[in-house]
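Notes for the one structure printed next.
Only the coordinates and a few stated rules stand behind these numbers; no lab work does. Computed from a predicted structure; not experimentally measured. Every residue, glycine among them, receives a Cβ derived from its backbone with ideal geometry; neighbour counts consider all protein chains shown.
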Amino acid sequence: MRASSISTEDLPLQDEIDAVVTTALDQLKDVQLDALDDWRRSYLGRGGRLNALLRSIGSLPAAERPRAGQAANAARKKLGTALKQREAALSAEGEGDVEQIDVTIPGYRTNVGGLHPITRTLRDIARAFAPLGFRVVDTPEVEWDEYNFEKLNIPPDHPARDMWDTFFVKNEARPGAMLLRTHTSPAQIRVMEQIRPPVRVLAMGRCYRYEDVDATHESIFYQIEGLAIDSGITMSDLRGVLEYFARTMFGRDRKIRIRGSFFPFTEPSCEAEMSCHVCGGEGCRVCSGTGWIEILGAGMVHPDVLRGVGYDPDRYSGFAFGMGAERIAMLRYGIDDIRNFYRNDLRFLRQFN
Ligand code: PHE
């Protein structure tokens, strides 16, 4: 630019061009993003001030026209460059407003999930039985009447069905034959139909009953079923296994006592009670003053059930038991209302993690 300004001393129009450039650059300093285009049009546009000067070049003497044209073009370039710079500066400023990051501000705490107390309980129970050789199996929640009742020695219209009122599932092909299992005992049949003794399994999962819901009854709950079949298994094996379980879960001083009961698929049948883990047997609120807490139903697998799955009852015998996961969890954690488990109240659930 310097070279041309020296040699253009005597060029008419130069002063006018310089004046336009000076005003334009002066104005540009304050032009905001939304007014940039107006600025461009008034100086660089077709009807803008530089073009007006360029048009007047035609009236100059022919010898002076090229230099005047060069000067005008140099001015156009200068303004064009200045416009680009202003534009870049303005948009960088704008972005700055949006993306400003203060890395010193503390972050948001992320919520971390945890295991549900029933999941914990199921896992602990599986772990307690594992050293005795029990492995965990999974069988259907939606069952056939045949497996939930009939093969368990509970024929249609048998009064024992009153103990297990449930929800039926519509099945066009076999109306009335499909239901939500009322207990995990159908797993006994499903396992024995699949394998030969020795059998040692735990079946755990959700069960359903048509219940009058209260602090100790829910219509959806979890059960853990144990089954052991071999030659020479007796009721004292059942007792020993249950005592081992009670000690593992509730402390080494626990004792088991067994009382007669009735289930169609076991003979004899019993209810197992554990010496109270809160008072140690003295009698307290948790054990209703008796010193004993009922924890499950059990018995020796009925010979008819064994026969039904093709096991020879003269060769094989075994025991089965079924317990409620919620009940075990309530005893372990001191929970007084079963409904808490499925209310999804985080204040309750967080206590277990
Ligand atoms: N299935 C029985 C119930 O839900 C419990 C049980 C299981 C009893 C196994 C005996 C043997 O009540």
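For the stretch 270-317, state the average projected area of the convex hull of the C-alpha atoms over all orientations, rounded to one decimal in nm².
Values: hull surface 17.2 nm².
Mean shadow area of the hull around the Cα atoms is 4.3 nm².
Counting only helical runs of four or more DSSP H residues, what would the 222 nm mean residue ellipticity of the chain come to if each run contributes -39,500 (n - 2.57) and the total is spread over all its residues? Each step should come with its number before you reach the end.
On the way: 12 runs with 135 residues, N = 353.
Mean residue ellipticity at 222 nm (helix-derived): -11500 deg cm²/dmol.
With 10 angstrom as the radius, rank H217, H183, H277 by how many other C-beta atoms surround their C-beta, starting from the fewest. Working shown, then result.
Working: H217 14, H183 25, H277 18.
By the 10 Å Cβ count, ascending: H217, H277, H183.
Taking just the alpha-carbon atoms of the chain, what radius of gyration and Dmax come out, in angstrom?
When restricted to Cα atoms, the chain yields Rg and Dmax of 44.2, 131 Å.
If you rank M249, M235 by fewest surrounding Cβ atoms within 10 Å, what's the result? Don't skip to the answer; put the middle values down first.
Details: M249 19, M235 15.
Exposure proxy ranking, most exposed first: M235, M249.
Give me the tail of P(r) for the stretch 207-353 as a percent: Cα-Cα pairs with distance above 21 Å.
Numbers: 5553 of 10731 pairs.
The calculated P(r) of the stretch 207-353 puts 52 percent of pairs beyond 21 Å.
For the chain, set up a GNM with springs between Cα atoms under 10 Å and report which of T22, T184, T234 has the largest fluctuation.
T22
Jot down the per residue volume, in cubic angstrom and as a whole number, of the convex hull over the alpha-carbon atoms of the stretch 28-131.
Values: hull volume 24.0 nm³, N = 104.
That works out to 231 Å³ per residue.
Under 21 Å from the Cα of K84, which lysines turn up, not counting those fewer than eight places away in the same chain?
K29
Starting with the fewest neighbours, write out H302, H158 ranked by other beta-carbon atoms found within 10 Å of each beta-carbon. List each step's numbers first, then the result.
Values: H302 20, H158 12.
By the 10 Å Cβ count, ascending, the order reads H158, H302.
Can you run phi through the Karplus equation (6.51, -1.76, 1.60; θ = phi - 60°) for the stretch 255-268 and list ³J(HN,Hα) in whole Hz, with x for Gly and Pro?
10, 10, 10, 10, 10, x, 8, 9, 9, x, 9, 10, 7, x
Using amide H atoms built 1.01 Å from N in the peptide plane, name the residues 5+ places from E294, or on other chains, whose amide H lies under 5 Å from its own.
Under 5 Å from the amide H of E294: M274.
Considering the chain, which cysteines have no disulfide-compatible partner, defined as another cysteine with its Cβ under 4.7 Å away?
Those would be C207, C270, since no other cysteine Cβ in the chain comes under 4.7 Å of theirs.
Could you give the length gained by full extension between V103 and D34, i.e. 0.36 nm per residue of separation minus their alpha carbon distance, to one decimal place? Present the calculation step by step, with values, prior to reporting the outcome.
Numbers: separation 69, 0.36 × 69 = 24.84 nm, distance 3.17 nm.
Full-extension gain reported as 21.7 nm.
R65 to A89: FRET efficiency via 1/(1 + (r/R0)^6), r the Cβ-Cβ distance, R0 35 Å, to the nearest 0.05?
My answer for the efficiency is 0.45.
Using only the alpha carbons of the stretch 43-83, determine the length spanned along each of the three principal axes and report them from longest to shortest in whole angstroms.
32, 18, 8
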